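Bear in mind that the values in this text are calculations on the coordinates, not laboratory data. Everything numeric in this text was worked out from a predicted model, so none of it was measured. Backbone-built Cβ (ideal geometry, glycine too); neighbour counts: all protein chains shown.
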Amino acid sequence: MSKIIQINAIKAIITREIIVFVREKERIVSSIISPLLFLFVIGRSLNQKITIEGYTYQQFIFPGIIAMNILFTSIRYGLYLIWDKRVDFLKEVLVAPISRTSLFIGKAAGGVIGAILEMIILISIGNFFVLKLSIIQIILTIIVSFVSSFMIVSIGLSIGAVMKTMEGFGLIMSFITWPMFFFSNALFEVKSTSYIIMLISRINPFTYSVDILRKIMLDYSTFKLSYSISILIFSTLVLSYITTKLFERIDIQK
Amino acid sequence: MNIIETFNINKKFKDLKALSNINIKIKEGEIFSLLGPNGAGKTTLISILTSILKPSSGSARVNGFDIIKNPLDVRKSIGIVFQEPSLDDLLTARENLYVHSMLYNMESSYAKKRIEFILKTVGLFDRKDSIVRTFSGGMKRRLEIARGLLHTPKVLFLDEPTLGLDPASRRTIWDYVRKVKREENTTIILTTHYMEEADNLSDTVAIINKGKIIEMNTPENLKNKIGNEIIKVKGEIDLDSIKKFKFIDSVYKDNDSYIITSKEITKNLNEILRFISPESLEIKKTSLEDVFLKITGKKIEELDE
């Protein structure tokens, strides 16, 4: 095991990611702007017209917006791998005596930490303007966000491992990130939408992240909690396994 | 003792034969240069020796470890400086080294001391907390050399260490490479297509062209092979008579000039002058460039792909 999972190497990669994260504060600011717009512009505007299950619209979408931020930050983080490849920093890591599994775990953990830090900022803002949460609710939210982020970072990293240039970045955002967000229950209750949308939402693992978060924060969910948790854990395991395999195939030579 | 030994390495990329039957032995503590034009197979050979690339056939041992069976042990024994910079330019010089020390599982209090020491060795200690993005090309290269040496590898690979640097920075890098060899007793393997670099730095030079090693010797012996001195003549020349002289090693054409190589040109200058009527004439010490031209029949720039 120690040859496959090297703690020192994982720590090295996480250290690097944290330094970059702290140094590039613009990244944090730019990535929480759109969730805030959704929450306060769309959320507030529709507040008077819509109430769902006794909650204001803004409160109803709050867990969805938290999940949205995890989704966007985690995918974008995974895609930074392409940038690492382009500026050759990755080469230094690829020739070090470390396994690709360690590289994957380190990278994924770096992304998860970033996503969680941003989430904490959003929850703090939400605590004042949208919804008060108890300490236990916050801890559970962090745990679920942790797993969800790990799953989505895996998707991002697997794309990052395969893609060669940043040109595909916009394509990924249009064809994966936005659809994953809209075909989910983040902004509405999937039961009350069209059959097609509901069907697509149900095969989208992100839907279950939102549902679990909503259960924790609002005590309301569309699916059974145990069902959502099983799907989330299963998807996370499958996706991280696939990504590890893809990492083994990253070539040092361009 | 041989720190590196290769056994009939061959490498094919589809139809292209990149390396054929490479057999080299490199002694511990020497500076070994692979000299050849772009596309000769230098980087391919380095990639194989560093376990980044698998050979099509044959094998090699680096620091006693088989490159195919024990790649992780090989990687622990070596440091690599790539042709293109691979520093993290969002990090400071010290942070780059710190991350490296963790990747190579160095004990942290030792790593701290070693980082300071190695930054001083390459003359970057006063810039240790600057972000690498602000460094010049020469400084980045020095930092990469420092990083390659941080974990005290037995062998340091430098792929074209001075490519794209100005002459002053190039000389600085050479000084540091010599210093490192002396103080750290690291075996250094470098690829270059600068004759001057190979001549200045190396204990052994291997001339490589089209995937084959054509000559391998000390720079001195390589030069002695074609004589110590050469005359470059533009003008009429009595080839047959000149070639008859015992002290002449060889005569060959380079564009519109003739090149005469000999061990004792100055001594026999009068003899030679009887058979040439030069428009211009130049006598100089042999350089590796002349050796290369003699062996391959072309200048290194003409062979660049």
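Some points to look at:
- Two tests apply to each whole DSSP H helix in chain A, Cα reach of 15 Å or more along its axis and mean Kyte-Doolittle hydropathy of at least -1.0, and the ones passing both are A:7-23, A:25-37, A:57-86, A:100-129, A:135-162, A:205-218, A:225-248.
- Quarter of Cα convex hull surface for chain B, i.e. mean projection, nm²: 18.3 nm²
- Applying the criteria of a DSSP loop state and at most 15 other Cβ atoms within 10 Å to the chymotrypsin sites (Phe, Trp or Tyr not before Pro) of the stretch B:227-305 yields B:PHE245, B:PHE247.
- Sorted peptide list for A:11-18, A:99-106, A:177-184, criterion being average Cβ within 10 angstrom, highest first: A:99-106, A:11-18, A:177-184
- Of B:LYS25/B:LYS253; A:LYS25/B:LYS154; A:LYS25/B:LYS140; B:LYS128/B:LYS299; B:LYS42/B:LYS298; B:LYS27/B:LYS69, pairs whose Cα-Cα distance is over 30 Å: B:LYS25/B:LYS253; A:LYS25/B:LYS154; B:LYS128/B:LYS299
- Net length available on complete extension from A:GLU24 to A:ILE136 is 37.2 nm, with 0.36 nm assigned per residue and the Cα-Cα distance removed.
- Fluctuation leader among B:LEU149, B:LEU90, B:LEU222 - chain B, Gaussian network, Cα springs under 10 angstrom: B:LEU90
- Where labels lie 7 Å past Cα in the beta-carbon direction, separation of A:ILE4 and B:LYS212 in nm: 4.6 nm
- Inter-chain shielding of A:85-92 (mean C-beta neighbours from other protein chains, 10 Å cut-off): 6
- Note on B:ASP66/B:LYS14: beta-carbon distance plugged into 1/(1 + (r/R0)^6) with R0 of 30 Å gives a FRET efficiency of 0.70.
- Estimated FRET transfer efficiency when R0 is 25 angstrom, pair B:ASN255-B:PHE275 (beta carbons, to 0.05): 0.75
- For B:ILE3, nonlocal amide neighbours, meaning residues 5 or more places apart or on other chains whose placed amide H falls under 5 Å from its own, are B:ILE26, B:LYS27, B:GLU28.
- Computed on chain B, with alpha-carbon pairs under 8 angstrom and 6+ residues apart, the relative contact order is 20 percent.
- Inter-part distance, the stretch B:73-123 to the stretch B:139-209, computed on C-alpha centroids, equals 16 Å.
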